[in-house]
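These notes are about the structure you will find just below.
The values are calculated or read from the model by the stated rules, or taken from the named source; none is laboratory data. These numbers were taken from a predicted model, which means no experiment stands behind them. Don't worry about glycine lacking a Cβ; one is built from the backbone with ideal geometry, like all the others, and counts go over all protein chains shown.
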Amino acid sequence: MDIKKLLRDNIKNLKPYSSARDEYTGQALVYLDANEIPYNQPYNRYPDPLQRDVKEKISVQKNVPAENIFLGNGSDEPIDLLIRAFCEPGIDNIVTINPTYGMYQVAADINNVQVTYISLNDDFQLVPSSLLEAVNKHTKIIFLCSPNNPTGNCLDMDSMVEVIDNFNGLVIVDEAYIDFAIEKSLLPQLSHFNNLVVLQTFSKAWGMAGIRLGMAFASTEIISVLNKIKYPYNINILTQQKALELFKFEENKESWVKTLVEERGKLAEQLKEFPFVVEVYHSDANFLLVKMHDAKGIYDYLIEQEIIVRDRSKVHLCESSLRITVGTEKENEILLNALEDLL
């Protein structure tokens, strides 16, 4: 696939902004090129616009070349940039699954791009033929979320590959929760498909939602487009420093994931014992989707107990369901004790 043929003409012809840190990247005795004041070091200096040190660490951890990595202000930034770069406003469209992560719709709306939704089946799995049948000549992007939010399950790997292999556009697979899943990431497939983009994040398993650091993995052609249109210094120096610190304590992340997966299993089994719980759906993420009798009433009751969950009752296929994040053992016990008081 020729990625350039998918690009909007104005993006194809865009001359990107060149910052002082783009033009000189080495070490020097004196920096007088970027109009920075010489005080309050190191925060007086602009951050590396391409986050090279952070990408090198990610490259080793993910076994993906640094040139195939884009870092964004959360995963929301590459979601927006990909739509902005490849979808002509008012003309092109996106196809995605239903239900799924709501930011795809928001980013599309901001960019005046239509979204077509294709329902998952009753097992929350995609039907590749239905998804591909919804594609037309103006479809530039397909968004898939696996593990999916809010359903929690991984999408079938063969089904996703079938979509990637048969779509003449970009397929973006959002793997924000992949660390909690037994199923494998699509990252090893990156070299086989130049139309594949994989999104991951530091917000979930790494416990760093507050630093806003998302990762996009793709072909060098796609990465170069994202670097071309992003804001020059999109990742601040504090975020880059914190990310580098994280890799020194990777064993903490592995321990957190192991504990949360165990707590997820225990919480699921305990929730099934309540008579007002209709079904606890299988989850590969750090949350559970739970179908209940009177979900709205239980949601309101939990708020009164200062326990906050997410009411997903109005979401397609998630009627009468609450989405419950897996907390610590103590937090989960507080939730379960509150629910027992309803009996």
Look through segment 262-280, keep the residues that are buried (at least 19 other Cβ atoms within 10 Å of the Cβ) and outside any strand (DSSP E or B), and return whichever of them is farthest from the chain's Cα centre (by Cα).
-> L271
Condition check for S224: polar (S, T, N, Q) and farther than 18 Å from K55 by Cβ = no
How many residues are within 22 Å of the chain's Cα centre (by Cα) and either surrounded by 15 or more Cβ atoms within 10 Å (Cβ to Cβ) or of a type in the set (S, T, N, Q) (or both) if we restrict to segment 311-343?
-> 11
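Can you tell me which residue among S191, S203 is modelled with pLDDT under 95 and assigned by TED's automatic domain parsing to the domain that holds P150? Steps first, answer last, please.
Details: S203 fails: modelled with pLDDT under 95.
Selected residue: S191, the only one of S191, S203 that is modelled with pLDDT under 95 and assigned by TED's automatic domain parsing to the domain that holds P150.
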Among all residue pairs at least 6 apart or on different chains, which show Cβ distances below 7 Å where the first residue, located in segment 275-289, is without any contact (Cβ under 8 Å) to a residue 40 or more places away in the chain and the second is surrounded by fewer than 21 Cβ atoms within 10 Å (Cβ to Cβ) and of a type outside the set (A, V, I, L, M, F, W, C)?
-> E279/K291; V280/K272
Checking V171 against (1) in contact (Cβ under 8 Å) with a residue 60 or more places away in the chain; (2) under 19 Å from the mean Cα position of the chain (by Cα), which single condition isn't satisfied?
-> (1)
Would it be correct to say that A285 is within 25 Å of R212 (Cβ to Cβ), among the aliphatic types (A, V, I, L, M) and at pLDDT 95 or above?
-> yes
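Does L288 fit the bill of being under 20 Å from the mean Cα position of the chain (by Cα), farther than 29 Å from L81 by Cβ, surrounded by 16 or more Cβ atoms within 10 Å (Cβ to Cβ) and of a type outside the set (D, E, K, R)?
Working: under 20 Å from the mean Cα position of the chain (by Cα): yes; farther than 29 Å from L81 by Cβ: yes; surrounded by 16 or more Cβ atoms within 10 Å (Cβ to Cβ): yes; of a type outside the set (D, E, K, R): yes.
Yes, satisfied.
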With the condition kept exactly as written, say whether any residue in segment 117-126 is part of a helix (DSSP H, G or I) and either buried (at least 17 other Cβ atoms within 10 Å of the Cβ) or not assigned by TED's automatic domain parsing to the domain that holds N194 (or both).
-> no
When residues of segment 284-343 are filtered for being more than 14 Å from R264 (Cβ to Cβ) and not acidic (D, E), how many remain?
-> 33
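On the given criteria, is I172 modelled with pLDDT of 95 or more, of a type in the set (A, V, I, L, M) and within 26 Å of E263 (Cβ to Cβ)?
On the way: modelled with pLDDT of 95 or more: yes; of a type in the set (A, V, I, L, M): yes; within 26 Å of E263 (Cβ to Cβ): no.
Here the answer is no, as I172 does not meet what is asked.
Which residues, counting only those in segment 58-92, are of a type in the set (S, T, N, Q), under 23 Å from I237 (Cα atoms) and assigned to a loop (DSSP other than H, G, I, E, B)?
Taking segment 58-92 and keeping what is of a type in the set (S, T, N, Q), we get 59, 61, 63, 68, 73, 75.
Subset that is under 23 Å from I237 (Cα atoms): 59, 61, 68, 73, 75.
Of everything in segment 58-92, those that are of a type in the set (S, T, N, Q), under 23 Å from I237 (Cα atoms) and assigned to a loop (DSSP other than H, G, I, E, B) turn out to be N73, S75.
Taking the residues in segment 46-65 that are of a type outside the set (V, I, T) and under 17 Å from S191 (Cβ atoms) as candidates, determine which candidate is surrounded by the most Cβ atoms within 10 Å (Cβ to Cβ).
Top of the filtered list is K62.
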Considering segment 1-40 alone, what residues qualify as being in a helix (DSSP H, G or I) and either acidic (D, E) or touching a Gly at 6+ places or on another chain (Cβ under 9 Å) (or both)?
-> L6, D9, D22, E23
